[in-house]
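One structure is given below, encoded as structure tokens.
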């Protein structure tokens with residue numbers, strides 16, 4: 001089954017701005033910057049992206065989980081949580097209340113102030129929207145939560161450990177990940193998801209069906225049942241999807257039976273580091289990249 005969330009790729013209209021804001025406000029540091037390698041663009045089936053300004057950032061400049069920014073055109077039709085696909089990246093943070101004070105009035109717009117989760121007071125989180133409408137959940141793990149393997153932050157804002165994926169049919173979405181990628185089954189929970197309720201004009205106590213699909217290395221995919229009014233993600237031909245464009249997972253070996261955009265390739269640059277990788281499309285149209293753990 002997939003393991004660590006290795007890389008989250010974000011579409012940005014201004015690479016330099018994104019790098020500066022993530023460094024100043026979230027403590028991420030650039031570890032690699034270049035025009036996007038033609039081999040990577042080809043792997044994604046998007047050869048026109050070759051040479052695009054791109055950068056790889058890491059929390060505090062260290063670790064094996066990255067944010068990768070690729071410059072592209074604006075997407076005026078994209079609205080956070082109005083669309084299917086990768087809707088949010090959840091980072092573990094050291095002190096969410098202190099971070100909330102720091103981000104107040106910053107370019108990271110707060111859409112959900114720090115609050116304990118509805119089902120446990122050992123997890124406290126806030127939600128923000130970044131400069132290109134990417135949504136970040138910033139989550140402090142205050143203690144062990146029975147039934148969940150959760151990481152504790154080593155940096156003010158640390159690695160992504162959960163990706164939030166919105167689908168029109170929760171069971172269908174979960175079935176695809178179970179049968180195609182070997183992700184174990186997960187119980188469906190009815191919980192308050194304020195950002196969804198707010199987006200769709202629902203009462204604040206509305207319960208939404210979600211499932212935390214477990215991966216290895218204390219990572220998860222949170223599958224959300226989206227309201228019926230959710231739309232397909234608007235993506236220009238030959239471009240990455242807007243905001244949270246793609247998620248890369250580590251695997252022991254590339255699984256058979258998936259329709260890759262192009263044949264698997266071994267790539268030298270970050271985040272691949274000489275490992276074999278391939279990319280495909282998931283059940284809601286989301287882009288998925290799989291990177292083998294070793295050569």
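The values are calculated or read from the model by the stated rules, or taken from the named source; none is laboratory data. Bear in mind that the values here come from a model prediction, so they are computed numbers and not experimental data. Using ideal geometry, Cβ is built from the backbone for each residue, glycine included, and neighbour counts are taken over all protein chains shown.
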Those residues of the stretch 134-150 which are surrounded by fewer than 17 Cβ atoms within 10 Å (Cβ to Cβ) and in contact (Cβ under 8 Å) with a residue 24 or more places away in the chain, in sequence order: 145, 148, 149
Selection count, the stretch 50-71, where residues are within 18 Å of the chain's Cα centre (by Cα) and not in a strand (DSSP E or B): 3
Inter-residue pairs, beta-carbon under 7 Å, first closer than 18 Å to residue 86 by Cα and in the stretch 170-185, second modelled with pLDDT of 95 or more and part of a helix (DSSP H, G or I), 6+ apart: 183/177
Total residues in the stretch 195-225, condition in a loop (DSSP other than H, G, I, E, B) and surrounded by fewer than 21 Cβ atoms within 10 Å (Cβ to Cβ): 10
Boolean, residue 236 is in contact (Cβ under 8 Å) with a residue 24 or more places away in the chain and more than 21 Å from residue 114 (Cβ to Cβ): yes
The stretch 19-30, residues that are touching a helix residue (DSSP H, G or I) at 6+ places or on another chain (Cβ under 9 Å) and surrounded by 20 or more Cβ atoms within 10 Å (Cβ to Cβ): 26, 28
Criterion violated by residue 33 - all others in (1) loosely packed, with under 15 Cβ neighbours inside 10 Å; (2) outside any helix (DSSP H, G or I); (3) touching a residue at least 60 places away in the same chain (Cβ under 8 Å); (4) not assigned by TED's automatic domain parsing to the domain that holds residue 160 satisfied: (3)
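Conditions (1) part of a helix (DSSP H, G or I); (2) under 22 Å from residue 141 (Cβ atoms); (3) more than 19 Å from the chain's Cα centre (by Cα); (4) at pLDDT below 95, marked per residue:
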site	(1), (2), (3), (4)
176	yes, no, no, no
180	yes, no, yes, no
191	no, yes, yes, yes
227	no, no, yes, no
240	no, no, no, no
246	no, no, no, no
250	no, yes, no, no
290	no, no, no, no
Residue check, residue 43 under 18 Å from residue 135 (Cβ atoms), buried (at least 20 other Cβ atoms within 10 Å of the Cβ) and in contact (Cβ under 8 Å) with a residue 12 or more places away in the chain: no
Yes/no for residue 89 being outside the structural domain of residue 265 (by TED's automatic domain parsing), surrounded by 20 or more Cβ atoms within 10 Å (Cβ to Cβ) and not in a helix (DSSP H, G or I): yes
Test result for residue 148, under 23 Å from residue 27 (Cβ atoms) and modelled with pLDDT under 95: no
Residue within the stretch 188-203 that is in contact with a helix residue (DSSP H, G or I) (Cβ under 9 Å, 6 or more places away or on another chain), more than 25 Å from residue 129 (Cα to Cα), in the same structural domain as residue 135 (by TED's automatic domain parsing) and touching a residue at least 60 places away in the same chain (Cβ under 8 Å) present: no
Residue in the stretch 259-274 that is surrounded by the most Cβ atoms within 10 Å (Cβ to Cβ), counting only those that are touching a residue at least 12 places away in the same chain (Cβ under 8 Å) and more than 21 Å from the chain's Cα centre (by Cα): 267
The stretch 169-190, residues that are buried (at least 16 other Cβ atoms within 10 Å of the Cβ) and farther than 21 Å from residue 279 by Cα: 170, 186
